[in-house]
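The values are calculated or read from the model by the stated rules, or taken from the named source; none is laboratory data. Please read all numbers here as calculations on a predicted model, not as lab measurements. Because the Cβ atoms are built from the backbone with ideal geometry, glycine has one as well, and the counts that use them run over all protein chains shown.
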Amino acid sequence: MRIPGAIAHPCLALALLPLSGALAQEPYQLGLGYKLLDDITVGGYLSTEFSRGENINEVLIEDLAILTYGNLTDRLSFLLELESVDFYKADLENGTDSGNTRPAIERLYADYKVSDYASFRVGKQISPIGYWNLQPINVLRETTSSPRLSREMFPKFVTGVSVQGFVPFDETLHYTAYLQNTGDMDAKYINIDVDQHYGLTLEKSLSPQWKIGGSVGKYREQNKNRTDYFQLNARYDDERFSFLTEGIVDQHKQWLGSKETSTAVYTQLEYRFVPQHALIARAEAFRDDRVALHEKIGILGYSYRPLFPVSLKLEYQWHADSNNNRLVGSFSILF
């Protein structure tokens, strides 16, 4: 496949810029990127997906992304991620195809670490809410699909500033406070168009296996509608089993209008019967009173990871509306 110039040019620039200093000084390892300088790395990821159901039959190159990251000083680091979502899609149901070759800024931020108790991040970053939203790359997730909670209940990104660290009087308690007071940086792939967003996340380690936490926050959309949210989560993880659950309640206040509520919750279980193979089950419930939508989803999936940076997944989704039932699979790789 010919790589369009819109992708090739910025990617090539990212790759060649540090070469004036030194080429890769260490052997390349899949998933760890190219070490172009002592403290600068260039890598990326690719994911493909197919979906087959009552009203859908499609194959797509879902994500194509380039990342560059590293340390500028002992305390200052950065990350840049350029991504094209739905890079190529073939709709086998209707015999059509489409593409999206223009890359967008998925993430762009700088970190400054003061101590273990305070580290500042400025730029476009992932909203630090729950667990699933912090895994934006297919190859790192347990299933191809994402819960509706992580896609529709809060802004996936914050364009602003955050501070995070451990609480001095309890180093098993981690906090993140975040603030946005502007529009989003490169809003092509955002899920909710906001100009204000702020909140606080806490996570407590109860043991090496158990963690619990939650988030509380507010955001204002560009149309002046406001939403308050309250979210809780818990996770258990050992060599064989993982248990993950998240729940959230949103209170929506329409501009010069009424108040409505939406809720979402999911529970996920994973069993790794050998290191490379896993079975996953997830149950979701979603309710949005703004559009009188009540939905329940069940997922049973299988994951094969021959190497850490390579993942093949297959899942079947049961929906309350059986017309939306589908088989979904993906291949993804981190390079």
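What the table shows:
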{"item": "Top-ranked residue of the stretch 281-335 - restricted to ones that are within 16 Å of residue 145 (Cα to Cα) and basic (Lys, Arg), ranked as surrounded by the most Cβ atoms within 10 Å (Cβ to Cβ)", "result": "313"}
{"item": "Residues being assigned to a strand (DSSP E or B) and either farther than 25 Å from residue 31 by Cα or among the basic types (Lys, Arg) (or both) - total across the stretch 86-111", "result": "8"}
{"item": "Residues of the stretch 283-308 classified as hydrophobic (A, V, I, L, M, F, W, C), in contact with a strand residue (DSSP E or B) (Cβ under 6 Å, 6 or more places away or on another chain) and under 20 Å from residue 251 (Cβ atoms), total", "result": "2"}
{"item": "Residue count for the stretch 189-219, restricted to those that are out of contact with any Phe, Trp or Tyr (no Cβ under 8 Å at 6 or more places or on another chain), of a type in the set (Gly, Ala, Ser) and assigned to a strand (DSSP E or B)", "result": "2"}
{"item": "Test result for residue 227, out of contact with any Asp or Glu (no Cβ under 8 Å at 6 or more places or on another chain) and either outside any strand (DSSP E or B) or surrounded by 14 or more Cβ atoms within 10 Å (Cβ to Cβ) (or both)", "result": "no"}
{"item": "For residue 311: the one exception among (1) among the small types (Gly, Ala, Ser); (2) within 23 Å of residue 246 (Cβ to Cβ); (3) out of contact with any helix residue (DSSP H, G or I) (no Cβ under 6 Å at 6 or more places or on another chain)", "result": "(3)"}
{"item": "Qualifying residue in the stretch 262-278 (condition: modelled with pLDDT of 95 or more, part of a strand (DSSP E or B) and surrounded by fewer than 14 Cβ atoms within 10 Å (Cβ to Cβ))", "result": "yes"}
{"item": "Test for residue 264: is it more than 17 Å from residue 151 (Cβ to Cβ) and not β-branched (Val, Ile, Thr)", "result": "no"}
{"item": "Residue 56, sole failed condition from (1) aliphatic (A, V, I, L, M); (2) touching a Lys or Arg at 6+ places or on another chain (Cβ under 7 Å); (3) closer than 30 Å to residue 123 by Cα", "result": "(3)"}
{"item": "Enumeration of residues in the stretch 234-246 that are surrounded by 16 or more Cβ atoms within 10 Å (Cβ to Cβ) and either in contact (Cβ under 8 Å) with a residue 24 or more places away in the chain or among the basic types (Lys, Arg) (or both)", "result": "234, 235, 236, 242, 244, 246"}
{"item": "Flag if residue 219 is at pLDDT 95 or above and over 18 Å from the mean Cα position of the chain (by Cα)", "result": "yes"}
{"item": "Any hit, the stretch 261-269, residues being closer than 27 Å to residue 195 by Cβ and of a type outside the set (Gly, Ala, Ser)", "result": "yes"}
{"item": "Which listed residue is in a loop (DSSP other than H, G, I, E, B) and within 20 Å of residue 311 (Cα to Cα), from 67, 32, 46, 60", "result": "32"}
{"item": "Residue match in the stretch 21-30 (condition: in contact with a strand residue (DSSP E or B) (Cβ under 8 Å, 6 or more places away or on another chain), closer than 26 Å to residue 99 by Cα and either at pLDDT 90 or above or hydrophobic (A, V, I, L, M, F, W, C) (or both))", "result": "no"}
{"item": "Hits in the stretch 258-301 (condition: free of Cβ contacts under 8 Å to residues at least 24 places away in the same chain and within 30 Å of residue 220 (Cβ to Cβ))", "result": "258, 259, 285, 291, 292, 293"}
{"item": "Filter result for residue 102 (modelled with pLDDT under 90 and of a type outside the set (Val, Ile, Thr))", "result": "yes"}
{"item": "Index of the failed condition, residue 73 passing every other in (1) under 15 Å from residue 331 (Cα atoms); (2) in a loop (DSSP other than H, G, I, E, B); (3) β-branched (Val, Ile, Thr)", "result": "(1)"}
{"item": "Count - residues of the stretch 130-149 that are closer than 23 Å to residue 294 by Cβ and in contact (Cβ under 8 Å) with a residue 60 or more places away in the chain", "result": "7"}
{"item": "Subset tally (residues that are within 12 Å of the chain's Cα centre (by Cα) and within 21 Å of residue 197 (Cβ to Cβ)) for the stretch 105-148", "result": "16"}
{"item": "Residues satisfying the stated conditions in the stretch 161-188, i.e. aromatic (Phe, Trp, Tyr), over 14 Å from residue 124 (Cα atoms) and in a strand (DSSP E or B)", "result": "166, 175"}
